[in-house]
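The values are calculated or read from the model by the stated rules, or taken from the named source; none is laboratory data. If you're wondering where the values come from, they're calculated on a predicted model, not measured in any experiment. Cβ sites come from the backbone with ideal geometry, for glycine too, and all protein chains shown count toward neighbours. Just so you know, the surface numbers come from the protein's heavy atoms only, side chains and all, with ligands and any DNA or RNA stripped out. Shrake-Rupley method; radii C 1.70, N 1.55, O 1.52, S 1.80 Å.
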Amino acid sequence: MQSIDYLARQRSVNDAANGALAGPAAAALASVAVRTAAIIRCMAVGYTGLQIAIWHAYYGGDLRRLAAPAAAMVWGAALVAWLARHPPTARLAIGDCLVHIPLALSTAWSVPPAMRGDTANWLYILLAGQTVVPLWFAPLVASAPLVLAAGGGYWAGATLLTRAAAGRSALGAATALYFAVGTVAWLAYRMLGNRAALADTALAEADADSHKQYVTLSRSTERREHERLLHDTVLNTLTALARDDAVGHDAREIVGRCLHDVALMEYVLGGTRLADAPAGGPVGGLLAAVGAVAVEMRARGLDVRMEVSAPATGAFGVPVPVVVAVARAVRESLDNVARHAGTGEAFLGVAVREADAGAGDSGELVVTVRDSGVGFEPSRVGPERLGVRRSIVERIADCGGTASVRSAPGAGTTVTLRWPGGAQRLQGDTPEPPMARNPSPGWPEGRSPR
């Protein structure tokens, strides 16, 4: 019993044979068929001119004999020029047959007597090569009668002046060969069309399977990231609170960590399912994640001033992995300010440059962390210090962005995070989360310690 998959493939093959399917393989076959038909017609036109030159005495005796070969050459050149600029159509193929049927009937006066029963005369070569045009580019129900009419016309035109039995026998064999050539051309093209349809069906199935695998992998990656985030935030905070010495810790640090965990978990639970899809919220939810970091650092005593610069026409989507990487890089930068800068203030800026499709500009997301503290000399940082290199520079590079650190003794430090191509417009505007617009340390608006 045939499987459903086999029957579906066979239906696709039948559709392709009727012109209903046009995948990459079918399109390639059609292109090759057009070029082949054009080459065959060019060879036929050239051979016609050669026959006229060889039999110049016959054609020069009566210039009216040149009418048929001249018309065939002009039409053939026009057809080749058309095929070079336009795709073939059934109407063109039928018209080509209607032109060659009268030419086939002209055998008695357009072909030298010595060549009328020979398969090497110009008209026979022209008609045999012409069969591929209707059989390849028109439905069989329309092309087959026309090809038969052209073959019958050639036989009828040649037998008008052919009296000898041997000549009629050779003419009959030539006509039979003409029909055999047409049959082989049609069968070969149909076989290649079936193969092309099978290849296109297999390619479509492979593409669908690849998409399913990609979706599954993306969901698995996001789930693992959520598990890591849960471990790094809520579980670590609860573990710290459960320790015996938790009472001796700075209450502001514990409150900040709790606020940070709550904000991030709200963002994750409200995010998208696919890791490569834009997350919800302004700037793809980035303000929710970065704002949570700002709230945590404010609770630890660092006055973080946050500014957002984004087009007012809508929000921009940023993939979830980029949001997580940027938020963690910002936390590392602000933590360095709190521990090493010797200042109680820091600036956090989020800027989005809108994409310009006409100029080929995909937009850019820029996040800046700046302080006016003691600064340091970047060239003197030893290789064993991994905070800036691993937690900031390499983390942003892993998601396709760049990170730079500029600092000098006494001149403060500026960390700039850039992610190109992140401006994907979302429909509608989403209000800015409370933690992004709360300028002072403490709980966000609308919340209480309980």
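Worth a mention:
- Test for Val374: is it hydrophobic (A, V, I, L, M, F, W, C), within 21 Å of Ala288 (Cβ to Cβ) and at pLDDT 65 or above: no
- So Thr413, is it at pLDDT 90 or above, touching an Asp or Glu at 6+ places or on another chain (Cβ under 8 Å) and buried (at least 17 other Cβ atoms within 10 Å of the Cβ): yes
- The number of residues in the range 336-365 being among the small types (Gly, Ala, Ser), under 18 Å from Leu286 (Cβ atoms), at pLDDT below 90 and surrounded by fewer than 17 Cβ atoms within 10 Å (Cβ to Cβ) comes to 2.
- Glu332 vs. criteria within 28 Å of Ser218 (Cβ to Cβ), surrounded by fewer than 22 Cβ atoms within 10 Å (Cβ to Cβ), modelled with pLDDT under 80 and charged (D, E, K, R): no
- Residue within the range 294-316 that is surrounded by fewer than 22 Cβ atoms within 10 Å (Cβ to Cβ), modelled with pLDDT of 85 or more, farther than 19 Å from Thr402 by Cα and among the basic types (Lys, Arg) present: yes
- Lone qualifier among Arg418, Arg389, Arg406 - being at pLDDT 80 or above and closer than 19 Å to Ala338 by Cα: Arg406
- Looking only at the range 135-180, and only at residues there that are modelled with pLDDT under 90 and part of a loop (DSSP other than H, G, I, E, B), the one that is most open to solvent (accessible area, probe 1.4 Å): Arg163
- Within the range 53-65, the set of residues being closer than 20 Å to Tyr124 by Cβ and open to solvent by less than 50 Å² (accessible area, probe 1.4 Å) comprises Tyr58, Tyr59.
- Test: residue in the range 112-121 that is part of a helix (DSSP H, G or I), modelled with pLDDT of 90 or more and surrounded by 14 or more Cβ atoms within 10 Å (Cβ to Cβ): no
- Residues that are open to solvent by less than 50 Å² (accessible area, probe 1.4 Å) and either in contact with a strand residue (DSSP E or B) (Cβ under 8 Å, 6 or more places away or on another chain) or in a helix (DSSP H, G or I) (or both) within the range 79-98 comprise Leu79, Val80, Leu83, Ala90, Leu92, Ala93, Gly95, Asp96, Cys97, listed in sequence order.
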